[in-house]
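Here the structure is laid out as structure tokens; the discussion comes afterwards.
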Amino acid sequence: MRVEPAMTIQTSVIPGSTRDPMEIALLRGLRVEPAMTILKSLISLRLFRARRMVHISVDNEVANGLLRGERSALGGLCPFGAIEADGERVGIGAACKMCLVCVRDGPEGLFRVHETGHLRTDADKTQWHGIAVYVEQMEGRIHPVSLELIGKAKELAGEVGFPVYALLMGDSLSEQAEELLHYGVDKVYLYDYPELGSFLIEPYANVFEDFIHNVKPSSVLVGATVTGRSLAPRVAARLRTGLTADCTKLEMKENTDLVQIRPAFGGNIMAEIVTAGHRPQMATVRYKIFDAPARQTQKTGQVVNCGIPQEKLTSRIKVVATTKKEKKKTISDADVIVAVGRGVKSEKDLAMARELAELLGAEIAATRPLIEAGWTQADRQIGLSGRTVKPKLIITLGISGSVQFRAGMENSGLIISINTNAGAEIFNASHYAATGDIYDVVPELIRKIREGAGA
Ligand SMILES: Cc1cc2nc3c(=O)[nH]c(=O)nc-3n(C[C@H](O)[C@H](O)[C@H](O)COP(=O)(O)OP(=O)(O)OC[C@H]3O[C@@H](n4cnc5c(N)ncnc54)[C@H](O)[C@@H]3O)c2cc1C
Ligand code: SF4
């Protein structure tokens, strides 16, 4: 079954059903590198303003005219595994990225491109005001990502003269609501009900929706935590608006469009995504991307106690028991990190990095290739598909500095990198760059630290 897009994000480069057919036509038949060059110039020139929604359909008559074996083989045509073909029927699934390979390479007339209308650009932006932050809490403890988002919301709100709102839901949270007033929010909207004591997706999404309908914030920021990642898409789908996951940067335009920036196309480009025709604009951001504001002694703003009909608080899910997971220290909590990359030639050579880490009281972290090689545990991976870290000091050893790696560490306090290649990308993100062989530099560093410590 084809799933129609629930949201319409206007973007220069984002793949999916909202890509401009002209853009797709340019991409067809091109090798990746020239295509990327064109995409990059599309972004800077902002050539394509008029956006249309398109989708692929299957012509059943053509499909029925194929042999059973031919129909089954169609699945292999799609690089994204979106063609559902079992010999009997042929369909396009939700994984379709609109790459048009099936239209180009499939049996003639079987796969067709349809334009389903222009994207909406008609949201009355004057009706939507303020930047809201969903404040995540568990048993009354506010997740630090919420404070980081409040800090960013204040900065963005300052650009357009918006107020900052906090949305807090749970049970017996009046103290926490008052506490949030120390971080510079203008209003804390509090939904305080026993039914909201545990995170249950249905009542939480109902409350979120109620808040959006009543307050009409222009932008909504949610932490990219397990809870936020389940709640935000559900709310965005209900509101039929856009949501950008895992933003690494946020900017505000004068017209109140939120520029949601994140790596795309496997990290080859930074996509600037705007939800130009819809409100609210929704984005999730990971923990440790932004800085939390300092707690002020004086409170500002006010707490607004909100009501919601009782039936909105019911859930088909019943929490039978809650088992606490043992809190494990992760690399995200570390103050000092020694990160290793492919410059380390063999697994046994990790010993020198471990020795350095031990001397500095640091945690060891790694790039993805080392995790894939099984040299260290997966929860020690820094980056887009790993963890985000913001230590006071990070020393990178033999790491090239791919976009995906930097996305997880470039906000660190002090970055020192050692690489044989003077042109390594990591040096652009580093405060101190040492061009050299880690096999020379690290033992020397260890020796100097030991000497300094009098060991
Ligand atoms: C969708 C997607 C998600 C990804 N997510 C992540 C992620 O979360 N985290 C991640 O790390 N990667 C991720 N990657 C992989 C990423 O693109 C890079 O391949 C990876 O980060 C490269 O790791 P590296 O720097 O260790 O290796 P390389 O890029 O091979 O760099 C090795 C570096 O070591 C230097 N070097 C070699 N020998 C020495 C020496 N003796 N002394 C000093 N320097 C030396 C070289 O000059 C080079 O710069 C992802 C990729 C994709 C497509
Ligand atoms: S080949 Fe491309 S356009 Fe066709 S179904 Fe797969 S992703 Fe969609």
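Among the residues that make up the range 314-327, is at least one of them surrounded by 14 or more Cβ atoms within 10 Å (Cβ to Cβ) and more than 16 Å from ligand 2 (Cβ to nearest atom)?
Yes, the conditions are met somewhere in the range 314-327.
Return the only residue of V185, V145 being part of a loop (DSSP other than H, G, I, E, B) and crowded, with 18+ Cβ neighbours inside 10 Å. Step through it out loud before you land on a result.
Values: V145 fails: part of a loop (DSSP other than H, G, I, E, B).
Exactly one residue qualifies, and that residue is V185.
Name the single residue that is farthest from ligand 2 (Cβ to nearest atom) among those in the range 97-114 being out of contact with any strand residue (DSSP E or B) (no Cβ under 8 Å at 6 or more places or on another chain) and not small (G, A, S).
Checking each candidate, the answer is E108.
Looking at the range 220-263, which of the residues that are in a helix (DSSP H, G or I) and free of Cβ contacts under 8 Å to residues at least 60 places away in the same chain is surrounded by the fewest Cβ atoms within 10 Å (Cβ to Cβ)? Write out each step before concluding.
Taking the range 220-263 as the starting set, the residues that turn out to be in a helix (DSSP H, G or I) are 226-239.
Add one more test, that the residue is free of Cβ contacts under 8 Å to residues at least 60 places away in the same chain, and what stays is 226, 229-230, 233-235, 238-239.
Working: V226: 10, R229: 15, S230: 13, P233: 18, R234: 16, V235: 23, R238: 14, L239: 20.
Here the answer is V226.
What is the number of the single condition among (1) charged (D, E, K, R); (2) within 17 Å of K328 (Cα to Cα); (3) more than 9 Å from ligand 1 (Cβ to nearest atom) that R387 does not meet?
The failed condition is (3).
Any chance you could count how many residues in the range 290-333 are of a type in the set (G, A, S) and closer than 19 Å to T225 by Cβ?
From the range 290-333, those of a type in the set (G, A, S) are 292, 294, 301, 307, 315, 321, 332; that's our starting set.
Retained after the next criterion (residues that are closer than 19 Å to T225 by Cβ): 292, 332.
Adding up the residues that qualify gives 2.
Whether any residue in the range 208-217 is surrounded by 21 or more Cβ atoms within 10 Å (Cβ to Cβ), touching a strand residue (DSSP E or B) at 6+ places or on another chain (Cβ under 8 Å), closer than 20 Å to G130 by Cα and among the aromatic types (F, W, Y) is what I want to check.
Yes, the conditions are met somewhere in the range 208-217.
G91 versus (1) assigned to a loop (DSSP other than H, G, I, E, B); (2) at pLDDT 85 or above: which is the lone unmet condition?
Only one criterion in (1) assigned to a loop (DSSP other than H, G, I, E, B); (2) at pLDDT 85 or above is unmet by G91, namely (1).
Confirm whether G117 is away from ligand 2 (no atom under 16 Å from the Cβ), surrounded by fewer than 20 Cβ atoms within 10 Å (Cβ to Cβ), in a strand (DSSP E or B) and at pLDDT below 90.
yes
Going through the range 430-444 one residue at a time, which ones are within 11 Å of ligand 1 (Cβ to nearest atom), touching a strand residue (DSSP E or B) at 6+ places or on another chain (Cβ under 7 Å) and outside any strand (DSSP E or B)?
G436, I438, V441, V442, listed by residue number.
Looking only at the range 166-207, how many residues end up being farther than 16 Å from I131 by Cβ and of a type in the set (V, I, T)?
2
Could you tell me how many of the residues in the range 176-198 are closer than 15 Å to F208 by Cα and in contact with a strand residue (DSSP E or B) (Cβ under 6 Å, 6 or more places away or on another chain)?
Matching residues across the range 176-198 total 5.
Counting just the residues of the range 55-96 that are hydrophobic (A, V, I, L, M, F, W, C) and more than 30 Å from G266 (Cα to Cα), which one comes out farthest from ligand 2 (Cβ to nearest atom)? Outline the logic, then answer.
Step one: of the range 55-96, the residues hydrophobic (A, V, I, L, M, F, W, C) are 56, 58, 62-63, 66-67, 73-74, 77-78, 80, 82-83, 85, 90, 92, 94-96.
Next, only the ones that are more than 30 Å from G266 (Cα to Cα) stay: 62-63, 66-67.
Details: V62: 15, A63: 14, L66: 16, L67: 21 Å.
Checked the range 55-96; the qualifying residue farthest from ligand 2 (Cβ to nearest atom) is L67.
Picking from T376, T367, which residue would you name as being touching a residue at least 12 places away in the same chain (Cβ under 8 Å), closer than 30 Å to T225 by Cα and either touching a Gly at 6+ places or on another chain (Cβ under 6 Å) or near ligand 1 (Cβ under 6 Å from one of its atoms) (or both)? So that I can check it myself, show each step before the final result.
Details: T376 fails: either touching a Gly at 6+ places or on another chain (Cβ under 6 Å) or near ligand 1 (Cβ under 6 Å from one of its atoms) (or both).
Going through T376, T367 in turn, just one is touching a residue at least 12 places away in the same chain (Cβ under 8 Å), closer than 30 Å to T225 by Cα and either touching a Gly at 6+ places or on another chain (Cβ under 6 Å) or near ligand 1 (Cβ under 6 Å from one of its atoms) (or both): T367.
I418 fails exactly one of the following numbered conditions: (1) near ligand 1 (Cβ under 10 Å from one of its atoms); (2) of a type in the set (A, V, I, L, M, F, W, C); (3) within 23 Å of V285 (Cα to Cα). What is the number of that condition?
Every condition holds for I418 apart from (3).
Pairs needed: first member in the range 128-157, under 19 Å from V235 (Cβ atoms); second member anywhere, aromatic (F, W, Y) and surrounded by fewer than 23 Cβ atoms within 10 Å (Cβ to Cβ); C-beta distance under 6 Å; at least 6 residues apart or different chains.
Sorted first by the residue in the range 128-157, then by its partner, the pairs are G130/F162; I131/F162; V145/Y287.
Could you say whether any residue in the range 405-415 is free of Cβ contacts under 8 Å to residues at least 40 places away in the same chain, touching a helix residue (DSSP H, G or I) at 6+ places or on another chain (Cβ under 7 Å) and of a type in the set (V, I, T)?
Yes, there is a match, as at least one residue in the range 405-415 is free of Cβ contacts under 8 Å to residues at least 40 places away in the same chain, touching a helix residue (DSSP H, G or I) at 6+ places or on another chain (Cβ under 7 Å) and of a type in the set (V, I, T).
Looking at the structure I just gave you, is P391 on the phi < 0 side of the Ramachandran plot and assigned to a helix (DSSP H, G or I)?
Numbers: on the phi < 0 side of the Ramachandran plot: yes; assigned to a helix (DSSP H, G or I): no.
So P391 fails the test.
The values are calculated or read from the model by the stated rules, or taken from the named source; none is laboratory data. Predicted, not measured: the structure shown is a model, and the values here were computed from it. Positions of Cβ are backbone-derived with ideal geometry, glycine not excepted, and every protein chain shown enters the neighbour counts.
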